[in-house]
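Read through the structure below, which is laid out as structure tokens, and then see the notes.
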Ligand SMILES: [Zn+2]
């Protein structure tokens, strides 16, 4: 990915910033400026809580290029408490079992680096919730 | 000789919110001894915290800052400065602080910078924050001390070099969970520990690190502050010192007249290791998790090179009701996955794939 593209995506990627629809209150992630529920304009920024639960998960053993040093790593579809589904890596799982419905929370982590000399890329992942809720 | 220079701002300042972060993985240091010393020799601590593959000073600072923000109750756009002290900033050139500021929503009307002074870079940021807030230039400043400590494999430092740290939002005393009664800084040119610009691992002056370096600076800073405040060790319920190992802070505490009951709550090094710029600061978060209104707390940092910052704090009535807004430091201490030396070598990037 180009440096400029990383830069444009930084707000949504660092902190799970999406949009809220002013017409039907739907929370939207990733931001797309049009409400997927009612089709109206939706450009108001919305800070997601970062809390959600595992909707589906798997483990990656054959990583795409640039992620070879991380295998094996878990990936999940997470249902955010505000509604949207987000695909992301799970992290800090340790020896905790991951199941459908496991409560998770967003953390900002290193997603990778553009080689030895390129920029470091940061973004959201999810981990098992630190504190029960 | 100049007078004892107690640092007190025009406008009284305090800590509005505090937050800690410790990574999940733990290397029992007997593993280091197993690999490098036939399992022989004394162990300076029990185990140390190790970062995951996707963690560094930027990601750890972001989480500690989010915890501090949650406890402060302020909007991140009210923060006037984001200052991160560390000796393991991920970039040689490009600030850690801008990424942290962006991630917590403090950009763009903000002063952001990285601080450096070995293990006291974080408390320097606190001193500057007190001045920044105390002068009225800003209402809030975020000061972070965070490190993922470096150490050459097999070196004495590898037994203690941990990872973690803390973030503090400094603001006007009226909103604070604890107020600064005064602070003091002491520095000399002392070559006890250093890392040259392009070196991966630091060097240390072997036996030189104790007496003329750590002990002389922490003790002088603490004594000068106490004298200027007209206080003694018995006036404080808690004290926390920089913790390169378990022995040093215990010894300096004893010679200043502090008992084990006063330093226990802040002494995290046996379980997480030396977190360098985060060391004294994360100890303070652990104290704030249990302190009662009116309790006085002494914090003394130490940075090689060398210098010490000493702070006297007093907890306010706001502390008990705000501490529950973020995870207690002990929750991070107890969240633990034990690893062996092979996994440690992998997590620390000591295995080269290409
Ligand atoms: Zn809508």
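Each value in this text was obtained by applying a stated rule to the coordinates, not by laboratory testing. This one's a predicted model, so the numbers in the text were calculated from it and none came from an experiment. Here the Cβ is made from the backbone with ideal geometry for all residues, glycine too, and neighbour counts use every protein chain on show.
Some notes on this structure:
- Based on C-alpha pairs under 8 angstrom that are at least 6 apart in sequence, chain B has a relative contact order of 25 percent.
- Of all DSSP beta bridges in the range A:3-128, antiparallel share, percent nearest 5: 95
- Each of B:299, B:60, B:250 was scored by other Cβ atoms within 10 Å of its Cβ. Arranged with the fewest first, they read B:250, B:299, B:60.
- Per residue of A:106-114, other chain Cβ atoms within 10 Å of the residue Cβ number 5 on average.
- Calculated [θ] (222 nm, deg cm²/dmol) that DSSP helices of n ≥ 4 give over chain A, each run adding -39,500 (n - 2.57): -2000 deg cm²/dmol
- Relative exposure of B:129, B:61, B:185, judged by other C-beta atoms within 10 Å (fewest first): B:185, B:129, B:61
- Pairwise centroid distance, computed over Cα atoms, of the range B:223-259 with the range B:1-43, Å: 15
- From its DSSP helices (H runs of at least four residues, each -39,500 (n - 2.57)), chain B gives a residue-normalised ellipticity at 222 nm of -8500 deg cm²/dmol.
- Relative contact order, whole percent, for the range A:3-128 stands at 22, derived from Cα pairs under 8 Å and 6 or more residues apart.
- Each residue in B:175, B:261 was given a count of other beta-carbon atoms within 10 angstrom of its own, and listing them fewest first yields B:261, B:175.
- Cα centroid separation, the range A:71-90 to the range A:37-63 (Å): 7
- Cα gyration tensor shape for the protein assembly as shown, rounded if a/c is under 1.5, else prolate or oblate: oblate
- Contact order relative to length of the range B:80-189, as percent, for alpha carbon pairs under 8 angstrom and 6 or more apart: 27
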